[in-house]
Amino acid sequence: MSVDEGKLNELLGSFVADLGGAYHAISAVIGDRLGLYRALLATMPASAAEVAEEAGVGERYALEWLRGQAAGGYITYDAATERFSLTEEQAFALAAPEGLQLAAAFHIPVAVGKNVERLTETIRTDGGFGWHEHDPAMFEGVERFFRPGYVANLVSSWIPALDGVAQKLDRGANVADVGCGHGASTLLLGASYPRSQVTGFDYHAPSIEQARKRAADTGLAGRVSFQVAAAADFPGTDYDLVAIFDALHDMPDPLGAARHVREALKADGTLLLVEPFANDTFEDNMTPVGRLYYGASIVICCPHSMTEEPRAALGAQAGEARLTEILNEAGFTRVRRATETPFNLILEACP
């Protein structure tokens with residue numbers, strides 16, 4: 001075997017970064033759980049002792065956590081004063097209650113890791129592993145990771161990009177949010193368009209229970225409701241808008257779900273389909289974002305889709321062309337890319 005030392009060192013560099021990232025994910029989850037990012041924000045520029053006191057943790061642990069976070073570029077260290085702080089960007093990304101809450105995203109792979117043996121067997125036997133079988137930290141992490149993106153884009157960009165939908169919602173529309181999870185998108189629609197009636201549907205009963213609690217806590221229970229139902233048979237007809245956020249590719253039968261949506265819409269209704277950003281060829285998805293989605297897809301998206309026939313397993317990098325093909329087959333005659341972000345494709349589909 002002839003090994004190019006330069007290429008080997010390049011690969012080892014990627015390996016060290018990835019292995020460090022795996023430990024960093026665990027550290028970020030611990031910091032998020034213990035409020036260490038918030039404690040630093042409240043006391044900065046801070047010593048380890050001050051962060052530890054604010055968060056109520058041991059000082060030695062706080063110091064090691066702070067050093068690791070600084071080494072990873074998530075917080076800032078001043079060698080002259082031996083104090084730690086957050087830049088405005090770091091604070092917005094990690095500590096601010098209404099910021100990006102990036103640390104929440106690490107709950108997802110950590111939750112996956114709790115079932116690594118079962119997932120390994122699932123993949124070995126070409127089986128399925130349902131969304132409901134994941135550790136509850138998965139559901140929390142997904143909601144907290146996706147919600148800031150919905151807050152930043154749904155009302156200001158995605159809805160206005162649809163033909164005439166914003167006006168319908170302002171006047172009062174009948175809306176279904178399919179695969180709603182904890183209801184972050186559903187509640188945002190309800191809060192933004194008070195004349196509309198919004199119903200969130202999800203097959204996962206514990207998520208619906210949590211969504212109902214959120215609706216009550218935010219005072220939206222009067223115009224936002226939640227029901228346990230699958231995408232292929234959720235109740236109701238004559239919807240002005242049906243929305244599916246980051247969920248169609250996970251479904252065992254996305255074509256069947258799309259057909260049911262088509263039947264549930266009014267003749268002039270609209271499907272808002274938000275999916276992970278992907279190009280139509282694998283070569284064009286060999287990017288950091290593509291890598292993220294492929295990694296999530298093999299342990300979350302494909303296993304759930306493989307739980308029932310026809311086991312479509314679109315994966316998180318389905319791409320616009322494949323999604324459009326499915327929507328056309330389901331009876332949608334007009335499908336277009338309404339807009340996009342670095343992480344999402346936003347498709348508009350009409351009967």
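Leu12 to Arg311: FRET efficiency via 1/(1 + (r/R0)^6), r the Cβ-Cβ distance, R0 41 Å, to the nearest 0.05?
Calculated transfer efficiency: 0.60.
Quick check: residue separation of Phe92 and Arg67 times 0.36 nm, minus the Cα distance between them. What number comes out in nm?
Separation in residues times 0.36 nm, less the Cα-Cα distance, equals 7.0 nm.
What's the extension gain from Ala22 to Glu329 if we count 0.36 nm per residue and subtract their Cα-Cα distance?
Values: separation 307, 0.36 × 307 = 110.52 nm, distance 4.10 nm.
This chain segment gains 106.4 nm when fully extended.
Using the Kyte-Doolittle scale, find the helices of the chain whose mean hydropathy is at least -1.0 and whose Cα atoms extend 20 Å or more along the helix's long axis, counting only whole DSSP H runs.
5-34, 136-153
So, by mean Cβ neighbours within 10 angstrom, what's the order for 66-78, 123-135 with the highest one leading? Provide the component values of the computation, followed by the final result.
Working: 66-78: 16.9, 123-135: 15.2.
Output ranking for 66-78, 123-135: 66-78, 123-135.
Which length gain, in nm to one decimal place, applies between Glu340 and Gln227 when the Cα-Cα distance is subtracted from 0.36 nm times their residue separation?
37.7 nm
I want the antiparallel fraction of DSSP beta bridges within the chain, as a percent rounded to 5.
Numbers: 16 of 36 bridges.
Restricted to the chain, the bridges split so that about 45 percent are antiparallel.
Of the peptides 18-26, 188-196, how do they stack up when ordered by the mean number of other Cβ atoms within 10 Å, highest first? Mind dumping the intermediate values first?
On the way: 18-26: 13.3, 188-196: 18.8.
Most protected by this proxy first, the peptides run 188-196, 18-26.
If I model a spin label as a point 7 Å beyond the Cα along the Cα-Cβ vector, how far apart are those points for Arg118 and Asn279 in nm?
Simple spin-label model gives 3.7 nm for this pair.
When only Cα pairs under 8 Å and 6 or more residues apart are kept, what is the percent relative contact order across the chain?
Computed over the chain, the figure is 12 percent.
List the aspartates and glutamates whose Cα sits under 19 Å from the Cα of Lys7, skipping any in the same chain fewer than 8 residues away.
In chain and number order, the partners are Asp18.
Using only the alpha-carbon atoms, what does region 5-96 span along each of its principal axes? Please give whole angstrom values in decreasing order.
Computed over the Cα atoms, the extents are 47, 29, 26 Å.
If you take the beta carbon distance between Ala321 and Gln167 as r and set R0 to 35 Å, what does 1/(1 + (r/R0)^6) give as a FRET efficiency, to the nearest 0.05?
Working from the Cβ atoms, E equals 0.70.
Mind pulling up the Rg/Rh value for region 55-131? Radius of gyration and Kirkwood radius, both on Cα. Walk me through the intermediate numbers first.
Numbers: Rg = 17.9 Å, Rh = 15.4 Å.
Checking Rg against Rh, the ratio lands at 1.17.
Taking the mean number of other Cβ atoms within 10 Å as a proxy for protection, how do you rank 315-322, 285-292 from highest to lowest?
315-322, 285-292
Computed from the coordinates by the stated procedures, all read-outs in this text should not be read as laboratory data. The structure presented is a predicted model; accordingly, all values stated were derived computationally and were not measured. No Cβ is skipped: glycine too gets one built from the backbone with ideal geometry, and neighbour counts run over all protein chains shown.
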